[in-house]
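Only one structure is covered here, and it is reproduced in the block below.
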């Protein structure tokens, strides 16, 4: 099965949001919203308001990636804004992971966890079976355009093996440096969802329709031996 393609909204052209979303609807399976507080990582990008702005203009599911120090302060607002999936960084929830995952489900959203490059899988193993998505960061969190970290492929393989052995159903997602140079290696390691940012989509061409077509061509070429 081919991976889901999730477009990173922080890299989108917000001056032309509606036509951008229409182009993405024709080529991607989801939207990825990076919400940052300037503390967990030294960047400020999107907010719950960003999701609220996008929600009426698209039918695509929206994944909220909370790069914040206090994710519990954002859950209600993000869910009310229209997020379909809320993913929390493992580094911020170790003392209340079960409670926050339960809260996300109670809000009617799918729950995910995000694992930074320096965080081991052992930090999240106890609650993996309660999740719908696990995102492995393949760059350090917070900045677009960073080089891909090949060391993360072993982490993805280990996560895939854990999922297979347990019969778990969470989706394995990769975020960071996902592009034509890394598609195949990520897919072969077990990735089922690609987060596409500047190098994988929005930086391919100034015209979003052309960028989407080129992205689809590159994904198809990288995965040409993969079935439908």
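The values are calculated or read from the model by the stated rules, or taken from the named source; none is laboratory data. Bear in mind that the values here come from a model prediction, so they are computed numbers and not experimental data. Neighbour counts run over all protein chains shown; Cβ positions are idealised from the backbone, glycine included.
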For this session: Considering (1) over 22 Å from residue 167 (Cα atoms); (2) assigned to a helix (DSSP H, G or I); (3) free of Cβ contacts under 8 Å to residues at least 60 places away in the same chain, say which one residue 102 fails and leave the rest.
Result: (1)
Exercise. Are any of the residues in the stretch 164-171 buried (at least 16 other Cβ atoms within 10 Å of the Cβ), at pLDDT 95 or above and under 15 Å from the mean Cα position of the chain (by Cα)?
Worked result: yes
For this session: For the stretch 18-39, state whether one or more residues are crowded, with 16+ Cβ neighbours inside 10 Å and either free of Cβ contacts under 8 Å to residues at least 12 places away in the same chain or over 19 Å from residue 197 (Cα atoms) (or both).
Result: yes
For this session: Please name all residue pairs, on different chains or six or more residues apart, with Cβ atoms under 8 Å, provided the first residue is in the stretch 1-14 and is without any contact (Cβ under 8 Å) to a residue 24 or more places away in the chain and the second residue is surrounded by fewer than 21 Cβ atoms within 10 Å (Cβ to Cβ) and in a loop (DSSP other than H, G, I, E, B).
Result: none
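How about the stretch 21-55: which of its residues are assigned to a helix (DSSP H, G or I) and within 21 Å of residue 85 (Cα to Cα)? Give the derivation first.
First, pick out the residues of the stretch 21-55 that are assigned to a helix (DSSP H, G or I): 21-25, 48-55.
21, 22, 24, 25, 48, 49, 50, 51, 52, 53, 54, 55 - these are the residues of the stretch 21-55 that are assigned to a helix (DSSP H, G or I) and within 21 Å of residue 85 (Cα to Cα).
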Problem set entry | Residues (within 18 Å of residue 18 (Cβ to Cβ) and either without any contact (Cβ under 8 Å) to a residue 40 or more places away in the chain or crowded, with 17+ Cβ neighbours inside 10 Å (or both)) located in the stretch 41-60 | 46, 49, 50, 51, 52, 53, 54, 55, 56, 58, 59, 60
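Name every residue in the stretch 74-85 that is in a helix (DSSP H, G or I) and under 16 Å from the mean Cα position of the chain (by Cα), in order of residue number.
Narrowing the stretch 74-85 to residues in a helix (DSSP H, G or I): 75-81.
The one that is in a helix (DSSP H, G or I) and under 16 Å from the mean Cα position of the chain (by Cα): 78.
Yes/no matrix, rows are residues, columns are (1) touching a residue at least 40 places away in the same chain (Cβ under 8 Å); (2) in contact with a strand residue (DSSP E or B) (Cβ under 8 Å, 6 or more places away or on another chain); (3) surrounded by fewer than 19 Cβ atoms within 10 Å (Cβ to Cβ); (4) within 13 Å of residue 3 (Cβ to Cβ):
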| site | (1), (2), (3), (4) |
| --- | --- |
| 118 | no, no, yes, no |
| 123 | no, yes, yes, no |
| 126 | no, no, yes, no |
| 137 | no, yes, no, no |
| 148 | no, no, no, no |
| 158 | no, no, yes, no |
| 181 | no, no, yes, no |
| 186 | yes, yes, no, yes |
| 201 | yes, yes, no, no |
For this session: Output the number of the condition that residue 88 fails; it satisfies all remaining conditions of (1) modelled with pLDDT under 95; (2) under 12 Å from the mean Cα position of the chain (by Cα).
Result: (1)
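Which members of the stretch 134-171 meet the condition of being closer than 21 Å to residue 10 by Cα and either out of contact with any helix residue (DSSP H, G or I) (no Cβ under 6 Å at 6 or more places or on another chain) or assigned to a helix (DSSP H, G or I) (or both)? Full working, then the answer.
Quick first cut of the stretch 134-171, residues closer than 21 Å to residue 10 by Cα only: 134-149.
134, 135, 137, 139, 140, 141, 142, 143, 146, 147, 148, 149, listed by residue number.
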